[in-house]
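One structure below.
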């Protein structure tokens, strides 16, 4: 078996920015891949462009079942439950992964249906503020982190071989999209993305509103710092709602921490001796650490992009491999399977 | 007289990122320009590269006086007072402008010394998170807004011709750097930059710290939204302090407005029915307005960059020209002088 490619066909449910881009990547690599789009017109446009796409959900799932395909849920969170129900009915043995930006709530829906032995969660940390099939593109995931969850491996005494094979295939799916598979349990995942993805969205929205209140003069004076800081406020509101509302507990925790720092800075600036020294130094140190971590990649003279994430190579199912996943998670590392 | 070039030599005091880049631009255009740098080694490096640079402040000011040069203050705020004192002593008749990021406090120092008839404030809205002569570069100001203050024109009955000429030359200075001169009074300027420049710095610092607290897993999962949102946290802490602390009243006002929105979002997310709909919609609308405003420039197929800022052409000193400045300010417009 080719250790670099997914061992089965791939069936993608939902062809928006993420699902559509994945379909393009796998098609370009000539991997067996077919998909479903809810919108008739979207499905027709994709089919006209030569992609193997339908808008018949029961049909596409029956085909996935027949081919033993890996099903990728790439629908908005609010559609996950109904698609899982359809999978129970039409594709009763297929392995399942997803690309939804929160993992705890998806895993809850999976467990409610007793599907956990057939499920490995995923979340590619890539995107643009644009959405939909028409904005999907090849190479969207190149170099991005692709979280792969493995809670099930800690929940059962003896892992079924089918789950181990599924896990390996999800890691390979990320690799085929040129992303970097990072093992992470659902709760730490949701806490981390609350900090580094959902919180930045809430901040960008708030800053955009305050800048807008400054009127046309403020907007006209706005330079790179404002434009960069508000870029993700261009994300469709319903997508922001989905991310933040399905991960509200972790987002509130991150917001409270953030509010603490901003409020302290506000009070220090409002004092008789206005100062922002503490925050300016702490923020500079934090940003410098981030740059140092990713610096190796940027400064490399190699024509091949070198990842700054440490890599662990492991053989799923071998002795101690789940401990290796824990280790990789604790160091923010990526994995490769063999 | 050439309406596109400054009518006198230019003397730049301080050759960091801003002053150094301006020196490079004017030198490249073969305009008579010379400069002073506080650091001996910096001045020596610039001189070795063929620039007309010294580290003798009294000497350079005496030369400016002899040549009738326009003096550009490009030093950190904390050095402005002492350089103004040196100007009083060594260059008693030269016109003065500056590139400091706050305008009210600089104008106060100017007025304390009775220099207001010789002063027109400036602030180019350009920069990088890098600083110093070695990071200065040609073209840094291309397309950027360059605020030009005109409070003095509203403060006196009859404007001296020398001030009118100085104002015109500061507008031309911005144009020679390919920037867009925007007339604005010092107080509205400071309020606007508190919103669109200083507030984003405070936010970026706070977000960088919260992201850093998430540890290596969060950092490794961080994608574009986090990196863009924390970019300006890489600014040297003393520069952030200078900006925010010299404009603290306006920054606190902007922070209070921002905190209001973030706190409301936090409370709505912490409720029994977590929602972020209101903020997500308001933020999206605000960002979309910003994009619409600057969109014309981006989508242009012309090889010449077309500014999205409305332009007013005016003749300084002519009937009603100060009203035209007010009008340009109220619509965030740029001006050209003839």
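Overview of values
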item	result
Count of the range B:257-285 residues which are within 7 Å of chain A (Cβ to nearest Cβ) and assigned to a helix (DSSP H, G or I)	17
Residue selected from the range B:203-237 under the condition in contact (Cβ under 8 Å) with a residue 12 or more places away in the chain and farther than 22 Å from residue A:210 by Cβ, by the criterion surrounded by the fewest Cβ atoms within 10 Å (Cβ to Cβ)	B:236
Selection count where residues are in contact with a strand residue (DSSP E or B) (Cβ under 6 Å, 6 or more places away or on another chain), touching a residue at least 60 places away in the same chain (Cβ under 8 Å) and not in a helix (DSSP H, G or I), scope the range A:170-181	2
Complete set of residues in the range A:25-44 that are assigned to a helix (DSSP H, G or I), touching a residue at least 40 places away in the same chain (Cβ under 8 Å) and under 22 Å from residue A:77 (Cα atoms)	A:42
So residue B:293, is it facing chain A (nearest Cβ under 10 Å), assigned to a helix (DSSP H, G or I) and either surrounded by 15 or more Cβ atoms within 10 Å (Cβ to Cβ) or in contact (Cβ under 8 Å) with a residue 24 or more places away in the chain (or both)	yes
Any hit, the range B:182-199, residues being within 20 Å of residue A:230 (Cβ to Cβ), free of Cβ contacts under 8 Å to residues at least 40 places away in the same chain and either facing another protein chain (nearest Cβ under 8 Å) or out of contact with any helix residue (DSSP H, G or I) (no Cβ under 6 Å at 6 or more places or on another chain) (or both)	yes
All positions within the range B:104-129 that are farther than 19 Å from residue B:141 by Cα and within 14 Å of another protein chain (Cβ to nearest Cβ)	B:104, B:105
Top-ranked residue of the range A:221-256 - restricted to ones that are in a loop (DSSP other than H, G, I, E, B) and in contact with a strand residue (DSSP E or B) (Cβ under 9 Å, 6 or more places away or on another chain), ranked as farthest from residue B:126 (Cα to Cα)	A:222
Conditions (1) at the interface with another protein chain (Cβ under 7 Å from one of its Cβ atoms); (2) modelled with pLDDT of 95 or more; number of the one not met by residue A:219	(2)
Residue match in the range A:203-211 (condition: closer than 29 Å to residue A:105 by Cα, outside any helix (DSSP H, G or I) and either within 7 Å of chain B (Cβ to nearest Cβ) or touching a helix residue (DSSP H, G or I) at 6+ places or on another chain (Cβ under 7 Å) (or both))	no
Matching entry among A:315, A:323 (being modelled with pLDDT of 95 or more, in contact with a helix residue (DSSP H, G or I) (Cβ under 8 Å, 6 or more places away or on another chain), surrounded by fewer than 16 Cβ atoms within 10 Å (Cβ to Cβ) and farther than 17 Å from residue B:222 by Cβ)	A:315
Residues (modelled with pLDDT of 95 or more and farther than 25 Å from residue A:175 by Cβ) located in the range A:105-130	A:105, A:108, A:109, A:111, A:112, A:113, A:114
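The values are calculated or read from the model by the stated rules, or taken from the named source; none is laboratory data. All figures in this text were calculated on a predicted structure; none of them were measured in a lab. Positions of Cβ are backbone-derived with ideal geometry, glycine not excepted, and every protein chain shown enters the neighbour counts.
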